[in-house]
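Each remark here refers to the structure printed beneath this line.
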Amino acid sequence: MPQMNMVQAINDALRHEMRRDSRVVVLGEDVGKVGGVFRVTQGLFDEFGDDRVIDTPLSENGIVGAAIGMALYGLVPIPEIQFADFIYPAYDQIVSELAKYRYRSGGEYPSKLVIRTPVGGGIRGGHYHSQSPEAQFIHVPGLKVVCPSNPADAKGLLLSSIRDPDPVLFFEPKRIYRAAKGDVPDGDYTVPLGQAKVVRPGWHVTLVVWGAMLYEALDAANQAAAQGIECEVIDLRTLWPLDIDTVIESVKRTGRFIVVHEAPKSCGLGAELVALVNEKAFLHLEAPPLRITGFDTPFPYTLENEYLPLSHRILPAILEMARY
Amino acid sequence: MSTATYSTDRPPNVSGASLEPQAAVARHPLDTCADDVIKVLRDDGSLDPAHDPKLAPSEVIALYRAMVRVRQLDERLVALQRQGRIGFHIGSLGEEAAVLGSVSATRPQDWVFPCYREFGAALWRGLPLQRYIDNMFGNANDTVKGRQMPDHYTYREGHFGSVSSPIGTQITQAVGFAWAAKLRRDELATLVYFGDGATSSSDFHSALNFAGVFKVPVVFFCRNNGWAISVPTERQTSSNTFACKGVAYGVPAVRVDGNDLFAVVKVARDAIARAARGEGATLIEAMTYRLSGHSTSDDPKAYRPDAWLDPWRRLDPIERLRRHLERTQGWTEAQDREIEVAVDAEVKACIAVSEKVAPPSLDSMFEDVYAEPPWHLVEQREQLKAGPRPKGHGGR
Ligand SMILES: Cc1ncc(C[n+]2csc(CCOP(=O)(O)OP(=O)(O)O)c2C)c(N)n1
Ligand SMILES: [Mg+2]
């Protein structure tokens, strides 16, 4: 199995599917000749040409609106939004149109696309190159939301997302684009949507996390283990609809639940997870569930390491919860 | 099912050199020899009297100084980024005449809504260099409190707006600002900067439409620098020019050689005068060229051979202006050296100060989210302060 980073694995998935299915087209700003500002689509322009790897004018609502139309015609468009922070000009198309097409047409017009976009902090990007907007899409019925944490999952989840009948927001944690490396299966490889992965088994505390913060949670879990506390770390992978069974089964065993995410605390996916845990495992809880998250401020530039829920903030939460 | 073929693999269409088929490239920014482009500064340094804005010799020298200062700053800031001392810089290499010519046409009462490439305009309107450099370091003295990336400053006192990354958003806001001034019967114009790429944004179209319908005293200044990161202008529009987009909205438009300081000053002054006379908006397309990468994060070699820059290096706005100074004022290398030494000293001094300033306080992260922090922000602030510090506090 070849070793790849996230960028290479996503590129591999796109290339694989474009070879397999001539309906697949990639479109967005700078995705063509230069291969994207993070080089995720590098080489696709040369292999598939400008009918299928399309540099568009600078208009996110143009990109997504046109992609919806292409999908209605029968293509399988994979638009790239250069940074998730710039998705809002397309928000109307995504929320009012893409998410509701199947429903409002009584199933006559399913509109299917996968929107790929880099998310998250840790690259000194300030407000507009760092945000994690998953909750703003999870709250919209009809959208699926995916966020891989490693190259193999990135490939497998992207191929599943492309083949899934529903529209998918595919969030790529840019902080680990090149830092996360690993073996990636050759050829056709899928990871089913809606299945979380227990990355580290444990029995004292359940930690639910995804994307780049997985590595921070693992770091904290390892430090906690040195003090005799064994955390179960669950990589959610598909953020919505999420794998409730894996989460609840774990919480029932540990009785302690922490969710970690970069996005602001209030009304984040962590809030939904805490609510679900309360609804489904309340009588098993040994301590109040905790959210370790970004703060309810815009994402800062200089103080980004203070903002992010890095291991130095996760570890004390684990210890405190274990002692509760 | 074939779309028009598209390739950036072709040599630039050079002013004066043989032109490729016009249909494909007439709007290309290199096409500064087109008939409809306002030019004043001739190759030999003399001025065409038809559009000469008649700047006083001292005004020309002041603008030359400002352009050289901006370029020297660009070089220094790129070097600082490469050394890891600042995180980012987005400069205006090659676009100095477009930026300074236009802002110099503004009057004290006028306002500027910037894109992100016009720190030269902010400095022209009085932004203290130290304050700009503090922003580049995102330190505790940065007036935007280290919250935004470098080059995202504000300068209200100088009637200069707040830089934001999302493309195009300032264009509609500038229209509203100018419109409000008109409703209040205040005699002022608002100058808004944006790139060729931004003309594809919905904001651009809404802005021109509102400005046309309500005869708003705004000056739309499009820096057509040939590129939106790696995407060339022919992927932004199939119109022959960006200026012609004004026609659809009833907004008069003009194309100008953006590397010709005098021509830029002339069209910008005319546009502000039109606004002041109550005649409404003007769209200016300044044809220039981005000689650097998009920013320090970009490697233009991936999409643009260096040789493409040669014709534009020959059209360098600073070199062209210098030839004029040489011809009309006997400008010497010693005078250039004087500017260089002076700018170098002031820049070095500012950097030395900024670099020593501490990062913004933890408290500052929670300020300005709302006018007053609600309970949940107070609670989160106290939790942060009581908790452990990460590695690399204060940025790497
Ligand atoms: C809404 C939005 N989409 C994408 C981006 C990413 N981006 C930053 S600058 C840029 C190109 C802008 O080109 P142009 O408007 O020509 O301005 P220039 O940088 O050439 O001055 C892009 C795509 C962004 N900042 N905002
Ligand atoms: Mg441009």
Shielding by other protein chains, B:347-355, mean Cβ within 10 Å: 0
What number, rounded to the nearest 500 deg cm²/dmol, is the helix-based mean residue ellipticity at 222 nm of chain B, given -39500 (n - 2.57) per DSSP H run of at least four residues and division by all its residues? -12000 deg cm²/dmol
Cβ-derived FRET efficiency at R0 22 Å, residue B:42 paired with residue B:333, nearest 0.05: 0.50
Distant-in-sequence amide H partners of residue B:41 (H built 1.01 Å from N, under 5 Å): B:48, B:262, B:263
With everything on Cα atoms, drop me the angle between helix A:151-163 and the longest principal axis of chain A, reported from 0 to 90° to the nearest 10. 50 degrees
Go through the stretch A:65-79 residue by residue and turn each phi into a ³J(HN,Hα) via Karplus (6.51, -1.76, 1.60, θ = phi - 60°); whole Hz please, and just put x for glycine and proline. x, 5, 5, 4, x, 4, 5, 4, 6, x, 7, 10, x, 10, x
Taking θ as phi - 60°, what are the ³J(HN,Hα) couplings along the stretch B:302-309 by the Karplus curve (6.51, -1.76, 1.60), each to the nearest whole Hz, with x for Gly and Pro? 5, 9, 8, x, 4, 4, 5, 7
For residue A:234, list long-range residues whose amide hydrogen, built 1.01 Å from N in the peptide plane, is under 5 Å from its own amide hydrogen. A:199, A:207, A:208, A:209
Using alpha carbon centroids, what distance separates the stretch A:180-245 and the stretch A:295-324, in Å? 18 Å
I need the peptides A:220-230, A:78-88, A:99-109 ranked by packing, meaning the mean over residues of other C-beta atoms within 10 angstrom, with the highest value on top. A:78-88, A:220-230, A:99-109
Residue-by-residue Karplus 3J(HN,Hα) for the stretch A:55-63, coefficients 6.51, -1.76, 1.60, Hz, glycine and proline x: 6, 9, x, 7, 7, 5, 6, x, 4
Efficiency of FRET from Cβ geometry, residue A:179 and residue A:286, R₀ 35 Å, rounded to 0.05: 0.50
For the cross-link pairs A:265/B:145; A:144/A:181; B:356/B:391; A:144/A:252; A:100/B:245; A:174/B:301, which exceed 31 Å when the distance is taken from alpha carbon to alpha carbon? A:100/B:245
Interchain or long-range residues, amide H under 5 Å from residue A:239's placed H: A:145, A:146, A:147
Shielding by other protein chains, A:49-62, mean Cβ within 10 Å: 6
Which ordering of B:350, A:267, A:231 is given by a fewest-first count of other beta-carbon atoms within 10 Å? A:267, B:350, A:231
Please report the antiparallel percentage of DSSP beta bridges with both residues in the stretch A:197-323, rounded to the nearest 5. 20 percent
Need one number: % antiparallel among DSSP beta bridges in chain B, to the nearest 5. 20 percent
Note on the stretch A:197-323: alpha-carbon gyration tensor, axes a ≥ b ≥ c; rule is a/c under 1.5 for rounded, else prolate if a/b larger than b/c, else oblate; result oblate
Cut-off is 10 Å between beta-carbons; in what order do A:117, B:332, A:206 appear when sorted fewest neighbours first? B:332, A:117, A:206
Could you pull out which residues in the stretch A:240-267 have an amide N less than 20 Å from a spot 7 Å beyond the Cα of residue A:320, following the Cα-Cβ vector? A:255-267
Fraction of beta bridges assigned by DSSP in the protein assembly as shown that are antiparallel (%, nearest 5): 20 percent
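Every number here is computed from the coordinates shown, using simple stated rules; none is lab data. Remember, it's a predicted structure, so these values are computed and weren't measured experimentally. Virtual Cβ from ideal backbone geometry, glycine too; neighbours counted across all protein chains shown.
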